[in-house]
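Input: a single structure, listed below in structure tokens.
The values are calculated or read from the model by the stated rules, or taken from the named source; none is laboratory data. Not measured: the values here are computed from a predicted model. Positions of Cβ are generated from backbone atoms using ideal geometry, with glycine treated the same way; all protein chains shown enter the neighbour counts.
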């Protein structure tokens with residue numbers, strides 16, 4: 001897939017999955033703009049703040065004139081009902097849902113022909129662990145925002161989402177039950193997600209919009225009961 005001279009925006013691109021996505025786009029020839037709250041040689045800012053998003057979008061437009069791909073990857077706060085305050089819950093939704101919406105709005109009149117938005121959701125958009133409400137709600141929200149934007153931006157921008165499952169950002173190799181609970185036989189790594197994102201952003205996915213692809217090695221498709229595959233409830 002060739003992204004030579006394509007302008008790609010990646011939120012939360014300083015580490016983990018976002019860093020891998022940015023690197024893979026660069027390898028494919030893209031001009032990558034990263035925004036992240038961590039200090040570094042990218043645009044530094046908190047995307048929960050609309051003024052930060054406005055400054056970022058203005059800089060991209062001023063220097064590039066357009067955008068070809070937006071990857072909304074920034075990580076929402078992960079807290080559950082016992083520990084999460086109201087303000088923290090709202091903050092998670094600002095990062096996970098409001099920022100992707102506002103970036104689409106800010107760039108709406110500056111998308112190049114064949115443009116694409118890829119939102120990073122999570123397999124938690126369809127399943128949960130206890131004490132995960134702020135993160136899970138944000139990921140469910142961006143999955144729904146995806147098909148809403150796909151309809152509103154029809155004919156101009158394709159909008160899809162990717163729902164990663166267990167992704168080890170250190171590329172650690174697992175064996176035993178950690179691996180075998182996945183039908184694919186292993187835990188995922190960031191390149192599994194990045195490869196899917198680049199495909200969805202490419203012309204090869206030109207007939208795909210409003211879709212969510214779960215990149216989880218089949219984990220959400222396999223029913224696991226107590227004592228199955230070495231898994232025991234409560235351990």
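With (1) farther than 20 Å from residue 113 by Cα; (2) out of contact with any strand residue (DSSP E or B) (no Cβ under 7 Å at 6 or more places or on another chain); (3) in a loop (DSSP other than H, G, I, E, B) as the list, and residue 217 as the residue in question, which single condition is left unmet?
Unmet condition: (2).
Give me a count of the residues in segment 21-41 that are surrounded by fewer than 24 Cβ atoms within 10 Å (Cβ to Cβ) and assigned to a helix (DSSP H, G or I).
Final tally of qualifying residues: 4.
Which of the residues spanning segment 172-216 are surrounded by fewer than 19 Cβ atoms within 10 Å (Cβ to Cβ), more than 23 Å from residue 8 (Cβ to Cβ) and free of Cβ contacts under 8 Å to residues at least 40 places away in the same chain?
172, 173, 174, 175, 178, 179, 183, 184, 185, 186
Kindly establish whether residue 94 is assigned to a helix (DSSP H, G or I) and surrounded by fewer than 15 Cβ atoms within 10 Å (Cβ to Cβ).
Answer is no for this residue.
For segment 125-139, indicate whether the set of residues that are under 30 Å from residue 223 (Cβ atoms), buried (at least 18 other Cβ atoms within 10 Å of the Cβ) and modelled with pLDDT under 95 is non-empty.
Yes, segment 125-139 has at least one match.
Is segment 160-171 home to any residue that is free of Cβ contacts under 8 Å to residues at least 60 places away in the same chain, over 19 Å from the mean Cα position of the chain (by Cα) and assigned to a loop (DSSP other than H, G, I, E, B)?
no
Can you pull out every residue in segment 193-214 that is within 19 Å of residue 24 (Cβ to Cβ) and in a loop (DSSP other than H, G, I, E, B)?
Selection gives 202, 208.
Can you name every residue in segment 108-124 that is surrounded by 16 or more Cβ atoms within 10 Å (Cβ to Cβ), without any contact (Cβ under 8 Å) to a residue 60 or more places away in the chain and closer than 25 Å to residue 206 by Cβ?
If the condition is that a residue be surrounded by 16 or more Cβ atoms within 10 Å (Cβ to Cβ), without any contact (Cβ under 8 Å) to a residue 60 or more places away in the chain and closer than 25 Å to residue 206 by Cβ, then 111, 115, 117, 119 are the ones that fit.
Quick check, is residue 105 part of a helix (DSSP H, G or I) and under 13 Å from the mean Cα position of the chain (by Cα)?
So residue 105 fails the test.
Do we have any residue at all in segment 223-235 that's surrounded by fewer than 20 Cβ atoms within 10 Å (Cβ to Cβ), touching a residue at least 40 places away in the same chain (Cβ under 8 Å) and within 23 Å of the chain's Cα centre (by Cα)?
No, that holds for no residue.
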